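One structure is given here, and the rest of the page talks about it.
The values are calculated or read from the model by the stated rules, or taken from the named source; none is laboratory data. None of the values given here were measured: they were computed from a predicted structure. Heads up, the Cβs are rebuilt from the backbone with ideal geometry, glycines too, and the neighbour counts pull from every protein chain shown.
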Amino acid sequence: MIFDKFKDKHIILASASPRRQELFKKLGINFTIKTKEIEENYPSNLKEEEITNYLAILKANAFEGEISENEFIVTSDTIVWYKNSALEKPKNEKQAIEMLQKLSGTHHKVITSVCIKTTEVQKVFFDTTIVHFKHLSKDEISFYIKNYKPFDKAGAYGIQEWIGFIGVTKIEGSYFNVMGLPVHKLYEELLKI
């Protein structure tokens, strides 16, 4: 069996994201969820995957000294990278509207980093997907924000929601990476450890 090597291991997903939890379940690995509140601040000179790598490691390091020998901590961070800056989670409706207006009719990168931490090793990897949006009307943006409240999502959207159905014209790379977890890479890295 593929996952026999994990029989005696305890995998902890350190994420409150319902999307990451759903993707982890579908991967078929037994896991538990444990989260910690941390300030997600990073040095301003970091760019693209440097940001997500830094934050994934920061989240994993919050568990330093609390991991037992048979445990794996898995943390993750996602940003939308557009015109040389990171679009993170919008703080309010105004910010969400502004973000979607920026992304409308253009393309951007979605970068997700994952950190796997055990008592012996710490492995960080990332994946990048390019997402193309059609031109979004004001009504489409308002409808989406009012009905889906994407305030917990980088770039103010979820590709698996209404805006993704009507707005995303093309993606280059992993769809699941845009949802917040590059499961194909996670699977490979877990098998290596």
Inset, instruction - Would you tally the residues in region 128-155 being exposed (fewer than 14 other Cβ atoms within 10 Å of the Cβ), without any contact (Cβ under 8 Å) to a residue 60 or more places away in the chain and under 28 Å from residue 113 (Cβ atoms)? - result: 1
Legend entry - All positions within region 28-47 that are at positive phi and not in a loop (DSSP other than H, G, I, E, B): none
Legend entry - Residue count, region 80-113 (criterion: within 16 Å of the chain's Cα centre (by Cα), of a type in the set (S, T, N, Q) and farther than 14 Å from residue 129 by Cα): 0
Legend entry - Tally of residues being touching a residue at least 40 places away in the same chain (Cβ under 8 Å), closer than 16 Å to residue 77 by Cα and part of a loop (DSSP other than H, G, I, E, B) across region 6-27: 3
Inset, instruction - For region 170-181, state whether one or more residues are over 18 Å from the mean Cα position of the chain (by Cα) and surrounded by fewer than 20 Cβ atoms within 10 Å (Cβ to Cβ). - result: yes
Legend entry - Lone qualifier among 106, 75 - being of a type outside the set (A, V, I, L, M), more than 15 Å from residue 154 (Cα to Cα), modelled with pLDDT of 95 or more and touching a helix residue (DSSP H, G or I) at 6+ places or on another chain (Cβ under 8 Å): 75
Legend entry - Wholly within region 91-193, strands (runs of 3 or more DSSP E) carrying at least 1 residues that are closer than 21 Å to residue 31 by Cα and in contact with a Leu (Cβ under 7 Å, 6 or more places away or on another chain): 107-117
Inset, instruction - Residue by residue through region 54-70, note down the ones that are under 16 Å from the mean Cα position of the chain (by Cα) and either under 21 Å from residue 119 (Cβ atoms) or free of Cβ contacts under 8 Å to residues at least 12 places away in the same chain (or both). - result: 56, 57, 58, 59, 60
Legend entry - Unmet requirement for residue 157, which otherwise passes all of (1) modelled with pLDDT of 95 or more; (2) in contact with a Lys or Arg (Cβ under 9 Å, 6 or more places away or on another chain): (2)
Inset, instruction - Could you list, in sequence order, all residues of region 69-123 that are out of contact with any Ser or Thr (no Cβ under 6 Å at 6 or more places or on another chain) and aromatic (Phe, Trp, Tyr)? - result: 81, 82
